[in-house]
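The values are calculated or read from the model by the stated rules, or taken from the named source; none is laboratory data. Keep in mind that what you see is a predicted model, and the values were worked out from it rather than measured. Cβ placement follows ideal geometry from the backbone for every residue including glycine, while neighbour counts extend to all protein chains displayed.
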């Protein structure tokens, strides 16, 4: 049995995530992401929408709140506020269900952000602003964030937490703002705070050292009851705890039923990838294509044999990709197994001798070694065609990379064009890089890991304002 209790999965894609370098969401994108998060995560979701004390970001937050209200979608929505009465007033007027008041307590923050304010001033400000938000304004939910908590003495943390809870805070957040801590130290800190206060503690953990997931689990084991996540782990610098990885760890390793709709997670990640222009990384721990691709021949052999025998795979796999509506892949390359050759032949209803299978397999391995990369479907087909003496068309379900050249009309809205292309490509489980260039071509679109390439190209060509397109199959990258 696990001692983990998770009461809140607080997603901060629309607040922390928008602090990712080069990431800017339109109000419409914010609203769509919020809707998808509500439909995906369910009852444990606390939805952080952003800040409203800044005029530039207020529009997106208020647009999202109106949109959710029009759809009749209920959510525990939160906005961020500095520990200033005027900011809290604006937050209340936005219509948000709750507010998060943040104020640091470390000496460096007090020196450089507040011109040498004292820690006593911090405690007085926490008491005043939390009481004002909870008692005078009547927010449904008030959280207090002790910014840069892992740089503060335990004594100060306990005093700040005591003050916040006494003033009416529902939750105290303890962030690892610089991503500097590790699981054992965090465990001891959280356990002490929970034992001392008996209150609900949230974890907001940055990933600068790659420890956000491990720290999240350590903090939960120590008694915290909420973790902050974002889609793709988006956030300041290298971001915070990644949503889908965190969910997978809870369900897979600790048998905690989160209530998350797994089928909706990949489309959610695809949509955010389209909005940000940041593809799902190939080596993403759960959703990246490498996570479900087998390269080594002995791995392929074991997986394919088990699959044929039982219909399921436990060999060399930890994650059940089918719950995400994803499928495993195999690499044709220098390490390829005979079993993969047989699988390819089976798809084409072709039977040949073991010697011929071995010859084809060796040809794939040799060509891969010669060119220094895995083979593209068109190259694999050529090897099989040469061996079998007949043409094999590239199937639309085969993964291909293509380079598309686009010319557009002079009056086209390029921002809208780029967003549409991203959404078309990512909705078909592929990635793309979009380059605007000078010369005879206006845009190069490099589409990677595409299965439904014919549909993708057709949808792109039907975007209004595109005057001409040319498609080139990419064999490899060097």
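Structural remarks
- Qualifying residue in the range 433-441 (condition: under 31 Å from the mean Cα position of the chain (by Cα), at pLDDT 85 or above and under 18 Å from residue 289 (Cβ atoms)): yes
- Residues (exposed (fewer than 15 other Cβ atoms within 10 Å of the Cβ) and either touching a strand residue (DSSP E or B) at 6+ places or on another chain (Cβ under 9 Å) or in contact (Cβ under 8 Å) with a residue 40 or more places away in the chain (or both)) located in the range 97-127: 108, 113, 114
- Single residue of 436, 379, 385 found to be out of contact with any helix residue (DSSP H, G or I) (no Cβ under 8 Å at 6 or more places or on another chain) and not assigned by TED's automatic domain parsing to the domain that holds residue 263: 385
- Among the residues of the range 7-26, those that are more than 20 Å from residue 99 (Cα to Cα) and touching a helix residue (DSSP H, G or I) at 6+ places or on another chain (Cβ under 9 Å) comprise 20, 22, 23, 24, 25, 26.
- Qualifying residue in the range 452-463 (condition: surrounded by fewer than 18 Cβ atoms within 10 Å (Cβ to Cβ), outside any loop (DSSP other than H, G, I, E, B) and in contact with a strand residue (DSSP E or B) (Cβ under 9 Å, 6 or more places away or on another chain)): yes
- Yes/no for residue 69 being farther than 29 Å from residue 122 by Cβ, surrounded by fewer than 18 Cβ atoms within 10 Å (Cβ to Cβ), at pLDDT 95 or above and out of contact with any strand residue (DSSP E or B) (no Cβ under 6 Å at 6 or more places or on another chain): yes
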